[in-house]
Structures are given as structure tokens and as C-alpha cells.
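Notes follow once the structure below has been shown.
The values are calculated or read from the model by the stated rules, or taken from the named source; none is laboratory data. Computed from a prediction, not measured in an experiment: that's the story for all the values here. Cβ placement follows ideal geometry from the backbone for every residue including glycine, while neighbour counts extend to all protein chains displayed.
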Amino acid sequence: MAATATPTSLFQQLGGTPAVEAAVDIFYRKVLSDDRISRFFDDVDMDRQAAKQKAFLTMVFGGPASYTGRDMRQGHAEMVKRGLNDGHVDAVIELLGQTLAELGVPAEKIGQVAAIAESVRDDVLNRPTGSPRGTPSKLAGGSCGSSCGCGN
């Protein structure tokens, strides 16, 4: 009788807790030095943020679930009010991919991580699921999608 392979989670394939911890630490160093998105973290306790992100990624990658934070819409609402948009989400996904590549994660696995990130884009931007890129958030001030209050 042939042995059947036990499917492993993406969490395990990436290297488990040590890999997630290393990735989050490197990722946030990149985020804080990136002019496109660093302003969203100016008044954030980064130790606390990193701990939440490690727990969240562990859970969504199929590892032990210990994330107890807010959902994506609630957790990003203030950022959306400050102008968070598709370009910023693109930057986050780009930096996460760069981080994983630096850690030697194969392109196929990076693609799986990017797909997970893409799957929550509309929640992060607080807009209806399946919205076309550039659709303004329900929280944004104007229809331009920014919090400028222009009304356009």
C-alpha cells in the first residue's frame, strides 16, 4: 500500500514561526523606509503592530490561529480615512514579495502569499467585494477616493 502524502500548510511550507517572524521584521523595516506608505505608520506602536501581523499571517497561512485583532475593515478604517488606496496596497504586496524573495521563498509560494493579500484588498480598502481598482472607499471623503474632502 502506497503512503499518502500529508498536505502541508503554506505556513509550514514557508518555514513556520521562525520564517513568519523573520519576514514580518524585514517587511516592516521596508515599509517604514518606503515613502509611498511609511506615513500610515507614523503614530503606530510598531512592536505591537509586528506582533499582530505575525499572528495574523500565521493564521491566514494555515498555522496555529492566535490572531485576536480587528477584522480587515475595522483595522484599516483610519488609514482609509487618511487616503489609503490601491496604490498603497500594491506597495505593501510588492514589499512583502521582495521580503520573501530575500528570504529565499520560491516564486510559486510568493505568488500564493500575494493571492492571499489580494483576496483582502477590498476589505482593507473598505469597499464592496469585487470592486474595480480605483473604486473609492465608503470611508473616503470624496468620490476621488481620497480623504481630501473635494467631493469629486
Original post:
Got a number for residues in segment 98-107 being in a helix (DSSP H, G or I), surrounded by fewer than 18 Cβ atoms within 10 Å (Cβ to Cβ) and in contact (Cβ under 8 Å) with a residue 12 or more places away in the chain?
Top reply: 2
Original post:
Can you find even one residue in segment 9-27 that is crowded, with 16+ Cβ neighbours inside 10 Å, under 20 Å from GLY87 (Cβ atoms) and either in contact with a strand residue (DSSP E or B) (Cβ under 8 Å, 6 or more places away or on another chain) or modelled with pLDDT of 95 or more (or both)?
Top reply: yes
Subject >> Which numbered condition LYS52 fails, given (1) in a helix (DSSP H, G or I); (2) of a type outside the set (S, T, N, Q); (3) crowded, with 18+ Cβ neighbours inside 10 Å >> reply: (3)
Original post:
Quick one: would you say MET46 is more than 17 Å from VAL120 (Cβ to Cβ), hydrophobic (A, V, I, L, M, F, W, C) and free of Cβ contacts under 8 Å to residues at least 24 places away in the same chain?
Top reply: yes
Subject >> Residue selected from segment 110-147 under the condition of a type in the set (Ser, Thr, Tyr) and either touching a Phe, Trp or Tyr at 6+ places or on another chain (Cβ under 6 Å) or in a loop (DSSP other than H, G, I, E, B) (or both), by the criterion modelled with the highest pLDDT >> reply: THR129
Subject >> Index of the failed condition, ASN85 passing every other in (1) farther than 20 Å from TYR28 by Cβ; (2) modelled with pLDDT of 90 or more; (3) surrounded by fewer than 17 Cβ atoms within 10 Å (Cβ to Cβ) >> reply: (3)
**OP:** Working carefully through the options ASP25, ASP90, ASP47, ASP43, find the one that is outside any helix (DSSP H, G or I) and of a type in the set (Asp, Glu).
**Re:** ASP43
Original post:
List pairs: first in segment 26-37 and more than 13 Å from ILE93 (Cα to Cα) and in contact (Cβ under 8 Å) with a residue 12 or more places away in the chain, second of a type in the set (D, E, K, R) and assigned to a helix (DSSP H, G or I), Cβ under 9 Å, 6+ apart or cross-chain?
Top reply: ILE26/GLU102
Original post:
Going by the conditions given, is ALA65 more than 14 Å from the chain's Cα centre (by Cα), more than 21 Å from ASN126 (Cα to Cα) and part of a loop (DSSP other than H, G, I, E, B)?
Top reply: yes
**OP:** Enumerate the pairs (first residue in segment 121-146 and within 23 Å of PHE56 (Cβ to Cβ) and among the aliphatic types (A, V, I, L, M); second residue anywhere and surrounded by 12 or more Cβ atoms within 10 Å (Cβ to Cβ) and at pLDDT below 90) with beta-carbon separation below 7 Å, excluding pairs fewer than 6 apart on the same chain, so at least 6 apart or on different chains.
**Re:** VAL124/MET72; LEU125/SER137
